[in-house]
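Please read the structure below before turning to the comments.
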Amino acid sequence: MHHRTKKRTNYGPWVRWFGRTAIRLCGWRLEGEKPPVDKMVIVAAPHNTNWDLFYTLLAAMGYGIPAVFTMKDAWFFWPLGPLFYWMGGIPIDRSKSGNTVGALADAFNESEKMYLVIPPEGTRKQVRYWKLGFYWIAVGAKVPILLASIDYKNRVVCLADLVYPTGDFAADFPKIREFYTQKVG
């Protein structure tokens, strides 16, 4: 994880109130509750627009989840870069092959609390296959995966089930895929 990324361990009641109020004023609603775990990978899909970050961060505040999130490194320029780091952004350089999965799994192991939001598409474009780093990060860190969606059709941010990955991708992934088949970006 980048050394400049701000990692919070909790949100106070005013931040939760602000997140819930802002989501409501935008015409959206929150469904589901924050699970009682201190570490998790949150799959935020579908990811089709830059507005996803705005709604994701407001929802995270409303749920009381002090999330860090992955984002394309090209967005970390002045003056947005310091803001994204402060909000919990982790720049990902997609042009280089590196051990991002291992580094993020290590960040979980070094943290008392950590909630990592990852858009599995890895881009806002329509993709045929997801990038599976979120799954392997969860396996490496031995943390659950929270299924979350941003449903623009119904204007709902939803937290659903926790999936505890076993390392057997073929057995685990159908549970994840099933949740996202009805979601509209």
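Which shape class, rounded, prolate or oblate, goes with the stretch 56-110 when its Cα gyration tensor gives a ≥ b ≥ c as root eigenvalues, a/c under 1.5 marks rounded, and past that a/b bigger than b/c marks prolate? Because a/c hits 1.5 or more and a/b fails to exceed b/c, the stretch 56-110 counts as oblate. Only helices enter this figure: runs of n ≥ 4 DSSP H residues, each worth -39500 (n - 2.57), summed and divided by the residues of the chain, yield -10500 deg cm²/dmol at 222 nm to the nearest 500. Okay, which of the stretch 21-52 sit inside 19 Å, backbone N to the point 7 Å along the Cα-Cβ direction of L162? Label zone hits: 31-44. First check a/c for the chain, with a ≥ b ≥ c the square roots of the eigenvalues of its C-alpha gyration tensor; if it is under 1.5, answer rounded, and if not, answer prolate when a/b is larger than b/c or oblate otherwise. Rounded shape, in that the Cα axes give a/c under 1.5. Computed from the C-beta positions of N99 and L132, the FRET efficiency with R₀ = 22 Å rounds to 0.90. For the stretch 48-92, the residues whose backbone nitrogen is under 13 Å from a point 7 Å from the Cα of Y180, taken along Cα to Cβ, are 48.
In a DSSP loop and with at most 10 other Cβ atoms within 10 Å, the trypsin sites (Lys or Arg not before Pro) in the stretch 7-99 are K96.
Loop sites here are GluC sites (Glu not before Pro) outside DSSP states H, G, I, E and B with no more than 11 other Cβ atoms within 10 Å. The longest part of the chain free of them is 34-109. Shown for the chain: the carbon plus sulfur share of the solvent-accessible area, taken with all protein chains present and a 1.4 angstrom probe, equals 56%. Summed over the residues of the chain and divided among them, the accessible surface reaches 55 Å² per residue at a probe radius of 1.4 Å. Along the stretch 101-113 the Karplus relation, 6.51 cos²θ - 1.76 cosθ + 1.60 evaluated at θ = phi - 60°, assigns HN-Hα couplings of 4, x, 5, 6, 5, 5, 4, 4, 5, 8, 10, 6, 9 Hz to successive residues, with x for each Gly and Pro.
The values are calculated or read from the model by the stated rules, or taken from the named source; none is laboratory data. Here the structure is a predicted model, which is why all the values come from computation and not from measurement. Reconstructed Cβ throughout: ideal geometry from the backbone, glycine too, with neighbour counts over all protein chains shown. Note: accessible area is taken over every heavy atom of the protein model, side chains too, but ligands, DNA and RNA are not part of it. Shrake-Rupley method; radii C 1.70, N 1.55, O 1.52, S 1.80 Å.
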